[in-house]
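The structure under discussion appears below in the form of structure tokens.
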Amino acid sequence: MSCKAVLVIDMLGDFINESGSLYVGPHVNKIIKPIKDLVENERAKGSSIIYICDNHLPDDAEFKMFTPHCIKGTEGAAIIDVLKPEETDHIINKRRYSAFAGTDLDITLREKSVTDLVLVGVCTNICVLYTSADARNLNYIVTVPEQCVTSFDLDAHDFALKEMKKTLGVKIT
């Protein structure tokens, strides 16, 4: 018997809101309702819902490559209102691309006997891709619903979907 968890990755103000410091673009609006519907459906089935949130220090090393974003305690680091977690959901903060890097995600999943992960959110070619790679290396079964992910670079988004499918064995639906 498999146990499933949905990882809602970086659906945060700085990526989703037009005024956000790393706004993905207007096409991000297309994934919000499908994510909301998927989360509600999976929650009703008893799947764990885990919000993975960029949560950086003001001088984070990542800011050598990207504009400062999702700084701890700021509005930009908050989960967007339409996807607010429920009491039974979990929130795991991260400072790197992969949700597994330096977090307690793996132990949280193992304590819940999770074997299957569904990854949704942004950005496909960064945090979704690297989380899926670590998940596969840890032997999780991973699914990425294509209508529930996007990125500010749509060519890189397409590449990441192909990479996840062909190299990592992720099921793209």
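Every read-out reported here was derived from the displayed coordinates using simple, explicitly stated rules and does not represent laboratory data. Bear in mind that the values here come from a model prediction, so they are computed numbers and not experimental data. Cβ placement follows ideal geometry from the backbone for every residue including glycine, while neighbour counts extend to all protein chains displayed.
Could you tell me the center-to-center distance, by alpha carbons, between segment 149-165 and segment 39-73 in angstrom?
If you average the Cα positions of each part, the centres end up 19 Å apart.
Using a 10 angstrom cutoff on alpha carbons, build the Gaussian network for the chain and name the most mobile of Ala99, Ala133, Ala61.
Ala61
Distance in nm between label sites at Asn93 and Ala156, each 7 Å beyond Cα in the beta-carbon direction?
2.5 nm
So which of Lys45/Lys84; Lys33/Lys166; Lys72/Lys94; Lys30/Lys94; Lys4/Lys171; Lys30/Lys112 end up more than 20 Å apart, counting from Cα to Cα?
In this structure, Lys33/Lys166; Lys30/Lys94; Lys30/Lys112 exceed 20 Å between Cα atoms.
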